[in-house]
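Nothing in this text is a laboratory measurement; each read-out follows from the coordinates by a stated rule. These numbers come from a predicted model, not from an experiment. Counting neighbours? That spans all protein chains shown, and the Cβs are built from the backbone with ideal geometry, glycine included.
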Amino acid sequence: MKKTKRILGCLLVLIVIGFLIPENFQMPVSGASSADYHPKSFWFYPWGKSVTHKGVDIFANSGTPINSATNGFVLYSGHINYGGNFVLILGPKWRLHYYAHLKTIAAKPLQLVSSNTMIGSVGQSGNAKGKPPHLHYAIATLLPYIWRIDDSQQGWKKMFYLNPIEYLQQS
Ligand SMILES: [Zn+2]
């Protein structure tokens, strides 16, 4: 019983620490502005095999540098079928930041990044092949925000996927 309490206490402290680290949010695509993404592209439906579009597509010339949008810790970088070359970063507030369709990857797993560290460049890898080069950027929270669930297509997933456009517009 005492041990369980101690573990729960540690977990709580850890969660709180995650909220104390500043995000320092910034536009991840170098030189891009609100003209380079569609303001209503988040949760766009229908969106192929993903059903809904759970991020934002920021268009730029191939090879444009991508910087981390927040401070964070690189969990993974590599290649997957749909996402192509991608980087996954754990940022403050227990949020995952996903960067996909990269041309080149410049971030290594376990690397600490700040919100201006270059992590790769804009490309067309994965299922963006043949489409204009863009960064697919998504933010997911590990702590579910159940009050965000609505009755849209896959609306229950909104407890995890946050709208990156809201953050881009504030940055
Ligand atoms: Zn996308």
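Here are a few things to note about the model shown:
- Leading residue by the ranking (nearest to the ligand (Cβ to nearest atom)) among those in the range 34-55 that are surrounded by 14 or more Cβ atoms within 10 Å (Cβ to Cβ) and of a type in the set (D, E, K, R): 54
- Selection count, the range 128-139, where residues are surrounded by fewer than 18 Cβ atoms within 10 Å (Cβ to Cβ) and in contact with a Gly (Cβ under 9 Å, 6 or more places away or on another chain): 1
- Criterion: of a type in the set (Val, Ile, Thr), surrounded by 20 or more Cβ atoms within 10 Å (Cβ to Cβ) and more than 16 Å from the ligand (Cβ to nearest atom) - qualifying residue of 122, 113, 87: 113
- Selected residue (criterion: nearest to residue 108 (Cα to Cα)) from residues of the range 67-94 that are β-branched (Val, Ile, Thr) and under 12 Å from the mean Cα position of the chain (by Cα): 74
- Count of residues meeting criterion [away from the ligand (no atom under 16 Å from the Cβ) and over 13 Å from the mean Cα position of the chain (by Cα)] in the range 95-109: 6
- Among (1) under 17 Å from residue 50 (Cβ atoms); (2) within 16 Å of the ligand (Cβ to nearest atom) - the single one residue 167 does not satisfy: (1)
- Checking each residue in the range 130-147 for being in contact (Cβ under 8 Å) with a residue 24 or more places away in the chain, within 14 Å of the ligand (Cβ to nearest atom) and part of a loop (DSSP other than H, G, I, E, B) picks out 132, 133.
- Any hit, the range 62-81, residues being within 14 Å of the ligand (Cβ to nearest atom), out of contact with any strand residue (DSSP E or B) (no Cβ under 8 Å at 6 or more places or on another chain) and outside any strand (DSSP E or B): no
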